[in-house]
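K.L.:
To start, I am sharing the structure in question, which I have written as structure tokens.
Just so it is clear, none of the values below were taken in a lab; they were calculated from the coordinates. Remember, predicted model here, so these are calculated numbers, not experimental data. FYI the Cβ positions are ideal-geometry reconstructions off the backbone, even for glycines, and counts take in every protein chain you see.
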Ligand SMILES: Nc1ncnc2c1ncn2[C@@H]1O[C@H](COP(=O)(O)OP(=O)(O)OP(=O)(O)O)[C@@H](O)[C@H]1O
């Protein structure tokens, strides 16, 4: 009954636009299913809206909580007119059983962003994350997974206007690439990043659906869908382990605000509103960051050896007791001798507990020693007596002397200000030069007045964790991971000690002086050595000519990495334009030219050139946005400093002066990596404008 792929309905074809509402016409029937699914969703929402909670809540706090939950549920049940309620259909050869299909019996399932059921509770649309939906992403002619028919739907606005069939179990039908998938990949980019649920690819799906217990690290070149995969994995995990993750929490970490802003709509569009998003700097914001480090200092501060320096410095506060503790209670005196206290202190030091936890345990241990003596002398003290002894002023004084409290920020301040203190604890770990490099030229007076850097904040965070355990989340997604220092990996790792992580990155795009050299090393710093490393090499963003050009840099920036193979059919266009003078006119002209196309345009330039270019655009009367600001149909041009281009994409890109981008970095390799990032942001076309010649590696 269904039309084969080559004959897929095309909305631009007038015959299809006028498709009759014939009940035997598959498109009419599918549209009818869409209409009734919409009605069912509306009914689900109305059911929730009409809930009267006045009788079921005991007090106003409960009422508030419940009202909030209901509000969230109503939001989640919204029918967004421009997001299709379902995008696929699977006809199984045999009914897969109710367990895998959210209670559905039959053999036919519509796959969509969320679950919709009718008045009887039978599913009309199945969540893309349900087990029964999996063959939509994974089944192939080679392994049909019991699927007779896989149908993909095409939409124009909210209307179902096309479909495409694969008869996976029919040996006579040849395997083909999906036109609808191609269309989806080629669709112009406007606004923030969008979800890819309708077109997740098999190798991506394996990562998306890998279990909550394991950490996955994905190496992938530009545009291979790492960010998309990471976000869909959280959505999947929240579906498969909702209760557990609701308790423990999930977090997505991105490199900067503009990137987070770019991706922030994806999870809500998938119905997931509860995922926190932050930068690493946000996570460790214990002090106000007002200072910057020279690269050399930041490298040492970010090195994993610093963790041991800090540990030593913290524990240097513990001293062995030299005097007995004498507790007076009523007419009696109880004496715990110094050697017995020392034994207790040594035992606490040997245990794998935090500095602060041991400090809290110590008074109880001393009290216990007193209680043993009381019992020996015939008394029968109970727990209350033990608590009272633990709070006794002599015990408190002894604990303060032996195991004093440590203020993490003050400790780091002292390490960076006091050469002798640093020397003692860095002995055998940091060379004298390294110590000198990290010492402040002007020692700070107080935590408040110190000019803390980003790397210092990470040191304070590490110290915090030595003193008191950092609570662990259930799952953390770490994007653009290649730029993290070992100490930053540790900061992320302690936020998922009992959970798991998805680590996403590209070694060729590492632009920090401490950029990741190998994923094994990164996983070790994260505390997840058992993590599995996967590689994605199919590129969804960058056209073939452009990625081939950019890949010329790979031997210089990351030898051994597999170049990305673009799967875009549309060749896009690519031009390198030498310009007579370094004036901005040519650049402005290129922007004007590209703005004639549909979709977003990014002008990427060395940070130092952004001011000049902004002025040139302004005098030409062209409005532009900053990175992270949402493009609209009116303003589609974004002026992007090369340092903020990572992770972003535009339909068309003008790249200004590649040489200046390279020269903007402290060393050539980092410069070329920055250039690689800048060259790989375009979806449909790239114009490189240069007056200063090109780096020879591109030749
Ligand atoms: N399966 C897919 N179907 C359709 N589009 C996809 C698919 N996978 C990725 N894309 C699209 O390709 C583009 C690049 O994806 P994404 O930004 O996740 O790549 P990335 O690997 O994180 O890139 P970068 O290394 O540059 O940060 C995005 O527009 C994304 O929506």
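K.L.:
Work out, step by step, the length gained on full extension between residue 339 and residue 635: first 0.36 nm times the residue separation, then minus their alpha carbon distance; give nm to one decimal.
P.N.:
Numbers: separation 296, 0.36 × 296 = 106.56 nm, distance 7.56 nm.
Computed gain between residue 339 and residue 635 is 99.0 nm.
K.L.:
With each pseudo-label sitting 7 Å past Cα toward Cβ, what's the residue 353-residue 308 distance in nm, one decimal?
P.N.:
2.7 nm
K.L.:
A further question follows. Listing 94, 241 from the residue with the fewest other Cβ atoms within 10 Å to the one with the most, what is the order?
P.N.:
Lowest to highest Cβ neighbour count: 94, 241.
K.L.:
Using only Cα atoms, tell me the angle between helix 305-315 and the longest principal axis of the chain; keep it within 0 to 90° and round to the nearest 10.
P.N.:
The angle comes out at about 30 degrees.
K.L.:
Same structure again: Using only C-alpha positions, report the orientation-averaged shadow area of the convex hull of the chain, nm², one decimal.
P.N.:
40.8 nm²
K.L.:
Residues of the stretch 636-652 with backbone nitrogen within less than 20 Å of a virtual label 7 Å along the Cα-to-Cβ line of residue 265, please, listed as ranges.
P.N.:
Backbone N within reach: 636-640, 645-652.
K.L.:
Additional query: Which order do peptides 39-50, 126-137 fall in by mean Cβ count within 10 Å, highest first?
P.N.:
Put in order of decreasing packing, that is 126-137, 39-50.
K.L.:
Which FRET efficiency value, to the nearest 0.05, do you get for residue 364 and residue 51 by plugging their Cβ-Cβ distance into 1/(1 + (r/R0)^6) with R0 = 45 Å?
P.N.:
0.35
K.L.:
I would also like to ask the following. Suppose R0 equals 35 Å. What FRET efficiency, 1/(1 + (r/R0)^6) with r the Cβ-Cβ distance, do residue 598 and residue 146 give to the nearest 0.05? Show your work: numbers first, answer last.
P.N.:
On the way: r = 41 Å, r/R0 = 1.18.
Efficiency for this residue pair is about 0.25.
K.L.:
Next question. Which whole-angstrom value gives the distance between the alpha carbon centres of the stretch 465-506 and the stretch 513-547?
P.N.:
15 Å
K.L.:
Moving to a separate point now. Looking at the stretch 544-698, I'd like the Rg to Rh ratio, where Rg is from alpha-carbon atoms and Rh is Kirkwood's inverse mean 1/r.
P.N.:
Over the Cα atoms of the stretch 544-698, Rg/Rh equals 0.94.
K.L.:
Report the FRET efficiency, 1/(1 + (r/R0)^6), for residue 295 and residue 530, where r is their Cβ-Cβ distance and R0 is 35 Å, rounded to 0.05. Mind showing how you got there, number by number?
P.N.:
Working: r = 33 Å, r/R0 = 0.93.
Step by step, r from the Cβ atoms, then E = 0.60.
K.L.:
Further question on the same structure: With N set to the number of residues, divide the alpha-carbon radius of gyration of the stretch 325-402 by 2.2 N^0.38 Å and report two decimals. Numbers along the way, then the final one.
P.N.:
Working: Rg = 12.3 Å, N = 78, 2.2 N^0.38 = 11.5 Å.
Normalised Rg, Cα atoms only: 1.07.
K.L.:
Going by Cα centres, the stretch 28-49 and the stretch 586-629 are how many Å apart?
P.N.:
Here the two parts' Cα centres lie 44 Å apart.
K.L.:
Still on this structure, I have one more. Just grab the label-to-label distance for residue 396 and residue 174, each label 7 Å out from Cα along the Cβ direction, in nm (one decimal).
P.N.:
The answer from the label model is 8.6 nm.
K.L.:
Still on this structure, please answer the following. What's the ranking of 249-256, 518-525, 319-326 by average number of surrounding C-beta atoms within 10 Å, highest first?
P.N.:
By packing density, highest mean first, the sequence is 249-256, 518-525, 319-326.
K.L.:
Still on this model: Any idea what angle helix 26-49 forms with the longest principal axis of the chain, computed on alpha-carbon atoms, 0 to 90 degrees, nearest 10?
P.N.:
With rounding to tens, the tilt is 40 degrees.
K.L.:
How do the peptides 618-627, 358-367 rank, highest first, by the average count of neighbouring beta carbon atoms within 10 Å per residue?
P.N.:
Answer by packing, highest mean first, reads 358-367, 618-627.
K.L.:
Give me the distance between the Cα centres of the stretch 187-233 and the stretch 121-137, rounded to whole Å.
P.N.:
19 Å
K.L.:
Still on this model: Can you compute the label reach from residue 194? Point 7 Å from Cα along the Cβ direction, backbone N cut-off under 14 Å, restricted to the stretch 636-665.
P.N.:
651
K.L.:
Measure nothing fancy, just the Cα-based angle from helix 668-679's long axis to the longest principal axis of the chain, in degrees from 0 to 90, nearest 10.
P.N.:
The angle comes out at about 40 degrees.
K.L.:
How many nm separate the modelled label positions at residue 439 and residue 75, each set 7 Å beyond the Cα in the direction of the Cβ?
P.N.:
For residue 439 paired with residue 75, the spin-label model returns 5.3 nm.
K.L.:
Then there's this: Could you work out the per residue convex hull volume over the alpha carbons of the stretch 189-248, in cubic angstrom?
P.N.:
107 Å³
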